[in-house]
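Here's the structure we're looking at; comments come further down.
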Amino acid sequence: MPELPEVEVVRAGLARWVVGREISSVSVRHPRAIRRFVGGPTQFEAALGGRTVRAAARRGKYLWLPLSDGQVLLAHLGMSGQLLIAPPATPDGPHLRVVLEFSGGGPDLRFVDQRTFGGLWVEPGGEPPDFLPAGLGHIARDPLDPLFEETVFISRLRRRRTEIKRALLDQTLISGVGNIYADEALWRVGLHGGRATSRLSVAQARELVGAVREVMIEALAQGGTSFDSLYVNVNGESGYFSRSLNAYGRGDLPCSRCGTPMRREAFMNRSSFSCPRCQPRPRSRI
């Protein structure tokens, strides 16, 4: 699933290509893509037609486009969702779900989703400047947000009775972090994901936040992490941070720091990757 860097790359592309443009028409090609919108395809199309896109915003892994009537068009990419800019004459692909056309010509905005876990929906927006929809009020700020309160986060983190990696994936505590960047940040600070959050010192927690921030900034500079053609930016281009990963997906390969073969462990129906030497398992967990 795309994490903060991948979603931010898409948001930046939307800000460049669709902000300030008026939506002339909308075509829902597959109703599952708008299943979170209770009005169905006809009302969804009517809710967007004639509205102008005011901005492109993000909170964690969610995107939204504030519209001129106070509503917002929200998007969650799920496992394989793509928001693509394409010329109007582009042939429909097999996984095209929704098409937005704009007044005055220019490229369309297309929602493509092979696995159909992602989706689009419309709901009332919040107040400027971020227009945060009420439905996203439970999503915490991410570590790249200028209003992210590091001291508050560290205090909440250390009060939790859980494992570090589980806490990092909790979008109500800190948003935008997923499996890949959690593993990368933990490798950088030499902590095993099974370490109890209550056993972290303030200094360790601060170092961990710094590592999360660093790895995301580096990933953003390389367009995010792509392992296949499912994650792309609005122009259909892949990111290259996968070439710089030190932990995720490197099971049995030598640790970039000490040379010890990396281990793969089952974690929440996924996999965690860590170095047995640099990140020893905690003797006791929660």
query = Is there any pair with a first residue in the range 148-165 that is farther than 18 Å from Leu191 by Cα and in contact (Cβ under 8 Å) with a residue 40 or more places away in the chain and a second that is surrounded by 12 or more Cβ atoms within 10 Å (Cβ to Cβ) and of a type in the set (D, E, K, R) whose Cβ atoms are under 8 Å apart and which are 6 or more apart or on different chains, and what are they?
reply = Glu150/Arg206
Criterion (under 20 Å from the mean Cα position of the chain (by Cα), outside the structural domain of His30 (by TED's automatic domain parsing) and among the aliphatic types (A, V, I, L, M)) met by exactly one of Leu208, Leu157, Leu200, Leu120 = Leu208
inquiry  = Condition (residue is modelled with pLDDT under 95 and among the β-branched types (Val, Ile, Thr)) applied to the range 47-58: is it met by at least one residue?
reply    = no
key: Residues being in a loop (DSSP other than H, G, I, E, B), modelled with pLDDT of 95 or more and buried (at least 16 other Cβ atoms within 10 Å of the Cβ) - total across the range 248-286   = 5
query = In the set Gly190, Gly126, which member is in the same structural domain as Leu83 (by TED's automatic domain parsing), more than 20 Å from Gly78 (Cα to Cα) and out of contact with any Phe, Trp or Tyr (no Cβ under 8 Å at 6 or more places or on another chain)?
reply = Gly126
query = So, of the residues in the range 194-225 that are surrounded by 24 or more Cβ atoms within 10 Å (Cβ to Cβ) and more than 19 Å from Thr151 (Cα to Cα), which turns out to be modelled with the highest pLDDT?
reply = Val215
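On the given criteria, is Leu191 part of a helix (DSSP H, G or I), crowded, with 21+ Cβ neighbours inside 10 Å and at pLDDT 95 or above? Even if it seems obvious, please write down each step before you answer.
Details: part of a helix (DSSP H, G or I): no; crowded, with 21+ Cβ neighbours inside 10 Å: yes; at pLDDT 95 or above: yes.
No, not satisfied.
The values are calculated or read from the model by the stated rules, or taken from the named source; none is laboratory data. Fair warning: this is a prediction, and the values are worked out from it, not measured in the lab. Note: ideal-geometry Cβ built from the backbone for every residue, glycine included; neighbour counts use all protein chains shown.
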